[in-house]
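Colleague: Next up is a structure, given as structure tokens.
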Amino acid sequence: MLLNSELEYIRLYFNLQEMRYEDRIDYLEQIEEGCDQLYVVRFMLQPIVENARNMDSRI
């Protein structure tokens, strides 16, 4: 799966989180040019992103 596709899942996840937490959640995506076309394991980033969000004590 391309990293770009994996990132789309992350974007959808944060769209849902923004609906739930309104203005209490921020999301910044920084991807180097060309990296979005790399192949990665499916759902590789999802658990990392969820854990990072869950560990944030400001929510």
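Colleague: Anyone know which of L28, L38, L16 comes out most mobile in the 10 Å Cα GNM of the chain?
Modeller: Most flexible of the set in this elastic network: L28.
Colleague: Mean residue ellipticity at 222 nm from the helices of the chain, using -39,500 (n - 2.57) per DSSP H segment of n ≥ 4 over the full residue count, to the nearest 500 deg cm²/dmol?
Modeller: That comes out to -16000 deg cm²/dmol.
Colleague: Separate question: Compute from the Cα atoms of the chain the Rg and the Dmax, the latter being the longest Cα-Cα distance, and quote both in angstrom.
Modeller: Values for the chain (Cα only, Rg and Dmax): 12.3, 33 Å.
Colleague: Under the rule that an exposed site lies in a DSSP loop and has at most 12 other Cβ atoms within 10 Å, name the longest stretch of the chain with no GluC sites (Glu not before Pro) of that kind, not counting the sites themselves.
Modeller: Maximal segment without exposed cleavage sites: 1-28.
Colleague: Also, I was wondering about something else. So, in nm, how far is label Y21 from label E33 when the simple model puts each one 7 Å beyond its Cα toward the Cβ?
Modeller: 3.2 nm
Here, each number is a calculation from the coordinates, and none is a lab measurement. Treat the numbers as computed from the prediction; the structure is a model and nothing was measured. As a convention, Cβ positions derive from the backbone with ideal geometry for all residues, glycine included, and neighbour counts pool all protein chains shown.
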